[in-house]
Amino acid sequence: MPLILNEEQEMLQDAANGFLAEKAPVAAFRKVRDNKPADGFCRELWSEMAEMGWAGIIVGEEHGGSGFGYVGAGVLAEQMGRNLTASPFFSTSVLGATAIQQYGTEKQKAENLAAISSGETLYALAVDEGPRHNPGRIAFSAIPSGNGFTLSGTKTFVADGHVADKLIIAARTSGEQDDPHGITLFLVDADAPEITREHTPMVDSRNAANLSVDGLEVTGDDILGELDGGFGALEGILSAGRAVLSAEMSGSAQQVFDVTTDYLKEREQFGQKIGSFQGLQHRAAQLATEIEMMKSAVLKSLKDLDQDFANAGMTCSLAKAKTGQVAQLATKEAIQMHGGIGVTDEYDVGLYFKRVHVAQQMFGDAGFHSDRWAKKSGY
Amino acid sequence: MSDLENFRIEVRAWLQENCPEEMRDGDITAENQCWGGRQWEFQSEAQKIWFERALAKGYTVPTWPKEYGGAGLSADQAKILDEERQAINARKPLSNFGISMLGPALLAFGTHEQKAQHLTAIARGEIRWCQGYSEPGAGSDLASLKTKCEDKGDHWLINGQKVWTSNADISDWIFCLVRTDFDAPKHKGITFILIDMASEGISVKPIVLISGHSPFCETFFDNVKVPKSYGENNASVVGEVNRGWDVAKNLLVHERGMLGTMSPLRGTSGPESLGKHAAEKIGLDATGRLDDPALRQSIAQAELDDWAYNLTVERLTDEANAGSGLGAKSSMLKYAASELTKRGTELLMEIEGTTGATIGEDGIEYGSLANNWLYHRAYSILGGTTEVQFNIISKRVLGLPSE
């Protein structure tokens, strides 16, 4: 399998590029940021995306999806990263859809996948309980009661948590806090009175919320995947999320680098284009090389998810590590090479710097993933 | 079934039938590879058999036209052949600078007669080539080279010195950049010429490096007469006189392509996994992590970069085959591969501690860790320094302006 996009995927890329440039450029993101609508994104835009088949991009056609797989999702995420598009795509169409498509029962698939594909129902994944990503550390409790469980606990940084209709919550059904065994995923309605959702404004205006659940009664039918064996499913969902977040960061990094090289060709100081200075040229050349490395890593992880989902986890980790590093370098260099204008709010490069920072934190930064790689490799 | 799928099945069967077991021992190294040339002696019967069978099939130079000894494979077919060869861990039957550097330049710039003589001899492993580019005064600024080539009617007369001519002492011919016009702007007075190393007036002196032994030499030209032509339509000059820079640039792209596709972190003799190797040498702490957190992080970073690098070779090759070409992006691969290779040898030295810095009574042993570590300092210098690659990337990939 060649490590390039096929014709269909290239057409999707062109379509996404055209649509977002027209309907959701950075100016649209600025509107959302400045006007602070309660949802944190534009519902009409999301409906249009759903009509184009984006909401169900990884969902099979039998459930109303467009069946493009993870490469398709990555192609869209990359263009969204270029345009800083605000949408529930990541939490609903990647995390929610992966959770249900990969681990749901036939009944759960029938009830949820079509609703994802149509864009009408929004999902969110609640994993972390502290400021640093640690999916093995789950204290959120699910205590057996009657025919089901009682859920209680808190979750932090739940992407789209305050607008979601359904929540996928990682809870502890047995074992100790850091035990991978004993974690169970529950799929619950987000508007239950026992759930308190508090929107947490983020530096990049990304939608996130803290959750607090106090005695929510659920049944065994609400379990997604296996009782006590939810860690494997969680890893699978996170892997998909890591690869698609990498694609988003890759888009942001490429965009900000394009803008920066254009600037190097235009801006004059000391009577010359600043792009003619070797001090800047060499940094740009090094960054350009890193960006090529990043693009390969991202595409590989997406292709691995499509070809062998169950064994793609480590590739997704490596992609997230590499992409996080390169995208941070790209956004930092963009600001520095722009000079004063780079730190103004009016200019876009700072927005990318913020977006990439949060994406890098989400689901594990480069340190988290290289530690994971080293442990897996026996050192 | 598609033609390519059929081809894969054919190739797989051919390899199974024809590649001797002894030649399925991993990728080639400078020591065990089959170089060819007048002085060549096969290291084993299996090496000879493998070479001869590949030659008969055109697989010493699979993508070259059949009339010049190749198999005329398309890029897609060649990729399949390579994948299948690697799948059984088979060595390449023949590899040398004629195949990787001169060949592609001749294919692009040579006449039919030049190709018929030189390409065929390369494909058949008869002639081993070396490269005469750098001079003592022309390193990164290669175009300032001064080896003088005068037109004497029926022949050229060459005087000057080349340096870093790898394996010049055991090569048969040299492809050389010489100055034919001292008055023209520096890029416009250079000619690309093919010279028999047996010519009178050529002398070679090996260079001793910080690593001890090395393949590098100095090559001296003292009134060397080179025929204008080796036959009808078969000039000693490739391309036009004074336009050799075009050929040289084309060839440098291939050289960088080659340098940029070696498996960098492992080098040619490193362990399969640096991290595991370190764990065996140093041990793990109570949490199962390498008992040296800083080194652990450096190794993980290098392995991550190596992974992304190898994927990038794969992706850019696929893109090039799909039609967009590799072009100046080969400079990115050259830079990345050479820096990674250096890091690999540095990390191995760190893992070994003072043991790595211990050498034999007779100096640095060839093939030892210290030898590799020292020798690979040259990787980011030869074939254009990292800084020269950065210049090329900024101008030719990014289009940044000149001063």
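Of note:
- Residue match in segment B:51-62 (condition: touching an Asp or Glu at 6+ places or on another chain (Cβ under 6 Å), outside any helix (DSSP H, G or I) and touching a residue at least 12 places away in the same chain (Cβ under 8 Å)): no
- Unique residue being touching a Gly at 6+ places or on another chain (Cβ under 8 Å), over 18 Å from residue A:84 (Cα atoms) and polar (S, T, N, Q) when the list is A:289, A:261, A:315: A:261
- Restricting B:322, B:337, B:328 to residues that are closer than 30 Å to residue A:324 by Cβ, among the small types (Gly, Ala, Ser) and within 8 Å of chain A (Cβ to nearest Cβ) narrows the list to B:322.
- Here residue A:252 passes the criteria (1) surrounded by 19 or more Cβ atoms within 10 Å (Cβ to Cβ); (2) within 8 Å of another protein chain (Cβ to nearest Cβ); (3) of a type outside the set (A, V, I, L, M, F, W, C); (4) within 23 Å of residue A:339 (Cβ to Cβ) except the one numbered (2).
- Which numbered condition residue A:131 misses (of (1) surrounded by 15 or more Cβ atoms within 10 Å (Cβ to Cβ); (2) over 16 Å from residue A:171 (Cα atoms); (3) touching a strand residue (DSSP E or B) at 6+ places or on another chain (Cβ under 9 Å)): (1)
- Among the residues of segment A:256-301, the one identified as more than 9 Å from chain B (Cβ to nearest Cβ), polar (S, T, N, Q) and surrounded by fewer than 23 Cβ atoms within 10 Å (Cβ to Cβ) is A:269.
- Taking the conditions (1) farther than 21 Å from residue B:134 by Cβ; (2) touching a strand residue (DSSP E or B) at 6+ places or on another chain (Cβ under 8 Å); (3) more than 14 Å from every other protein chain (Cβ to nearest Cβ) in turn, residue B:378 satisfies each one other than (1).
- Residue A:314, sole failed condition from (1) at the interface with chain B (Cβ under 8 Å from one of its Cβ atoms); (2) in contact with a Lys or Arg (Cβ under 8 Å, 6 or more places away or on another chain): (1)
- Within segment A:318-377, restricting attention to residues that are at negative phi and outside any helix (DSSP H, G or I), the residue that is farthest from the other protein chains (Cβ to nearest Cβ) is A:345.
- All conditions in (1) at positive phi; (2) out of contact with any strand residue (DSSP E or B) (no Cβ under 6 Å at 6 or more places or on another chain) hold for residue A:235, with the sole exception of (1).
- Single match in B:153, B:160, B:139 (criterion: farther than 19 Å from residue B:228 by Cα and in the same structural domain as residue B:199 (by TED's automatic domain parsing)): B:139
- If the condition is being modelled with pLDDT under 95, of a type in the set (A, V, I, L, M) and under 23 Å from residue B:118 (Cα atoms), then segment B:177-235 contributes no residue at all.
- Residue match in segment A:29-41 (condition: under 30 Å from residue B:323 (Cβ atoms) and either surrounded by fewer than 20 Cβ atoms within 10 Å (Cβ to Cβ) or of a type in the set (S, T, N, Q) (or both)): no
- Unmet requirement for residue A:203, which otherwise passes all of (1) farther than 25 Å from residue A:235 by Cβ; (2) crowded, with 17+ Cβ neighbours inside 10 Å; (3) of a type in the set (Val, Ile, Thr): (2)
- Sole residue being in contact (Cβ under 8 Å) with a residue 24 or more places away in the chain, touching a helix residue (DSSP H, G or I) at 6+ places or on another chain (Cβ under 6 Å) and within 14 Å of chain B (Cβ to nearest Cβ), chosen from A:13, A:9, A:79: A:9
- Whether a residue is surrounded by fewer than 21 Cβ atoms within 10 Å (Cβ to Cβ) and either among the aliphatic types (A, V, I, L, M) or out of contact with any helix residue (DSSP H, G or I) (no Cβ under 8 Å at 6 or more places or on another chain) (or both) was assessed, and residue B:185 passes this test.
- None of B:311, B:290, B:304 is farther than 27 Å from residue B:29 by Cα, buried (at least 17 other Cβ atoms within 10 Å of the Cβ), hydrophobic (A, V, I, L, M, F, W, C) and within 7 Å of another protein chain (Cβ to nearest Cβ) except B:290.
- Some residue of segment A:228-245 being part of a strand (DSSP E or B) and out of contact with any Cys (no Cβ under 9 Å at 6 or more places or on another chain): yes
- Residue match in segment B:347-355 (condition: among the aliphatic types (A, V, I, L, M), touching a Lys or Arg at 6+ places or on another chain (Cβ under 7 Å) and either over 19 Å from residue B:249 (Cβ atoms) or more than 10 Å from chain A (Cβ to nearest Cβ) (or both)): yes
- Boolean, residue B:159 is out of contact with any Leu (no Cβ under 9 Å at 6 or more places or on another chain), surrounded by fewer than 23 Cβ atoms within 10 Å (Cβ to Cβ), within 18 Å of residue B:198 (Cα to Cα) and polar (S, T, N, Q): yes
- Number of residues in segment B:37-61 that are touching a helix residue (DSSP H, G or I) at 6+ places or on another chain (Cβ under 6 Å), surrounded by 20 or more Cβ atoms within 10 Å (Cβ to Cβ) and not aromatic (Phe, Trp, Tyr): the value is 2.
- Any hit, segment B:163-170, residues being outside the structural domain of residue B:388 (by TED's automatic domain parsing), in contact with a helix residue (DSSP H, G or I) (Cβ under 6 Å, 6 or more places away or on another chain) and surrounded by 16 or more Cβ atoms within 10 Å (Cβ to Cβ): no
- Checked against the criteria, residue A:116 counts as farther than 17 Å from residue A:12 by Cα, in contact with a Ser or Thr (Cβ under 7 Å, 6 or more places away or on another chain) and buried (at least 23 other Cβ atoms within 10 Å of the Cβ).
- Checked against (1) at pLDDT 95 or above; (2) more than 14 Å from residue A:212 (Cβ to Cβ), residue A:145 meets all criteria but (1).
- Restricting attention to segment B:275-287, the residues being more than 7 Å from chain A (Cβ to nearest Cβ) and in contact (Cβ under 8 Å) with a residue 60 or more places away in the chain number 3.
- Evaluation of residue B:343 against (1) facing chain A (nearest Cβ under 10 Å); (2) under 30 Å from residue B:135 (Cα atoms); (3) of a type outside the set (Asp, Glu) (one fails), failing number: (1)
- Restricting A:213, A:188, A:203 to residues that are hydrophobic (A, V, I, L, M, F, W, C), in contact with a strand residue (DSSP E or B) (Cβ under 8 Å, 6 or more places away or on another chain), over 21 Å from residue A:94 (Cβ atoms) and not assigned by TED's automatic domain parsing to the domain that holds residue A:348 narrows the list to A:213.
The values are calculated or read from the model by the stated rules, or taken from the named source; none is laboratory data. Computed from a predicted model, the values in this text were never measured in an experiment. A quick note on method: Cβ atoms are made from the backbone with ideal geometry, for glycine too, and the neighbour counts reach across all protein chains shown.
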